[in-house]
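Some notes on the structure that comes next.
The values are calculated or read from the model by the stated rules, or taken from the named source; none is laboratory data. Only a predicted model underlies this, so the values are computations on that prediction, with no experimental measurement involved. In this analysis, Cβ positions are derived from the backbone assuming ideal geometry, glycine residues included, and neighbour counts consider all displayed protein chains.
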Amino acid sequence: MHILSRFFEDYTLNSKRETLGRTITETDFVVHAGHTGDYFPHHMDTEWCKEQPFKQRIAHGTLTFSVGIGMTATEINPEAFSKGYDRLRFIKPVYIGDTIRVVVTISEKKESKKPELGQVNEHVEIFNQKNELVLVCDHILLAKKRAYTKL
């Protein structure tokens, strides 16, 4: 992880960055269930899942989201901060043993309510090892404008 000062003006529409892969494990399921209290059988009960449409345990959607977003956190940018996420959708299930990777595309830049900031939207796509889209969302960043930095 490294520090990179990137101002609103430095973000380029349609630029992309892609992470390496990360394999989802049973430990991820157990730790996430413990953190969230979500012990639904869809995630924790192998025998019950055999009778369900997916036939095996599926990852918590929030597990896929948090691991995927964590994979994109490779830079510390003191000039920007997260405002949140919009349009989060779980497209396909993720299973134990699936390897996910993330593609982030700068999809929009616009003015913010505060003149010293601009809004940058990152379109986030998480794919499995079969290159199937499993999760999509939009990350909203607020970034300082260069003209408002202290000299």
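What are the pairs with Cβ atoms under 9 angstrom where one residue, in the stretch 87-104, is hydroxyl-bearing (Ser, Thr, Tyr) and the other, located anywhere, is part of a strand (DSSP E or B) and at pLDDT 95 or above? Sequence gap at least six, or different chains.
Hits for this filter: Thr99/Arg22; Thr99/Thr23.
Could you grab me the full set of residues in the stretch 97-133 that are closer than 18 Å to Thr72 by Cα, among the polar types (S, T, N, Q) and surrounded by 14 or more Cβ atoms within 10 Å (Cβ to Cβ)?
Thr99, Thr105, Ser107, Asn121, Asn128
For Tyr85, state whether it is of a type in the set (Phe, Trp, Tyr), in contact with a strand residue (DSSP E or B) (Cβ under 7 Å, 6 or more places away or on another chain) and at negative phi.
On the way: of a type in the set (Phe, Trp, Tyr): yes; in contact with a strand residue (DSSP E or B) (Cβ under 7 Å, 6 or more places away or on another chain): yes; at negative phi: yes.
Spelling it out, Tyr85 is indeed of a type in the set (Phe, Trp, Tyr), in contact with a strand residue (DSSP E or B) (Cβ under 7 Å, 6 or more places away or on another chain) and at negative phi.
Go through the stretch 55-79 residue by residue and tally those that are hydrophobic (A, V, I, L, M, F, W, C) and in contact with a helix residue (DSSP H, G or I) (Cβ under 8 Å, 6 or more places away or on another chain).
Number satisfying all stated conditions: 4.
Every residue in the stretch 35-66 that is within 26 Å of His139 (Cα to Cα) and exposed (fewer than 13 other Cβ atoms within 10 Å of the Cβ), please.
If the condition is that a residue be within 26 Å of His139 (Cα to Cα) and exposed (fewer than 13 other Cβ atoms within 10 Å of the Cβ), then His35, Gly37 are the ones that fit.
Do any residues in the stretch 67-83 that are surrounded by fewer than 12 Cβ atoms within 10 Å (Cβ to Cβ) have Cβ atoms under 6 Å from those of residues that are in a helix (DSSP H, G or I) and not aliphatic (A, V, I, L, M), where the two are at least six apart or on different chains, and which pairs are they?
No pair meets every condition.
Every residue in the stretch 20-43 that is assigned to a strand (DSSP E or B) and touching a Gly at 6+ places or on another chain (Cβ under 8 Å), please.
Within the stretch 20-43, Thr23 is the sole residue that qualifies.
It is to be established whether one or more residues within the stretch 16-26 are buried (at least 17 other Cβ atoms within 10 Å of the Cβ), of a type in the set (A, V, I, L, M, F, W, C), under 26 Å from Val103 (Cα atoms) and more than 14 Å from the chain's Cα centre (by Cα).
Yes, the stretch 16-26 has at least one match.
Take the conditions of a type in the set (A, V, I, L, M, F, W, C), in contact (Cβ under 8 Å) with a residue 40 or more places away in the chain, under 21 Å from Gly70 (Cβ atoms) and buried (at least 16 other Cβ atoms within 10 Å of the Cβ) and apply them to Phe29. Does it pass?
In short, yes.
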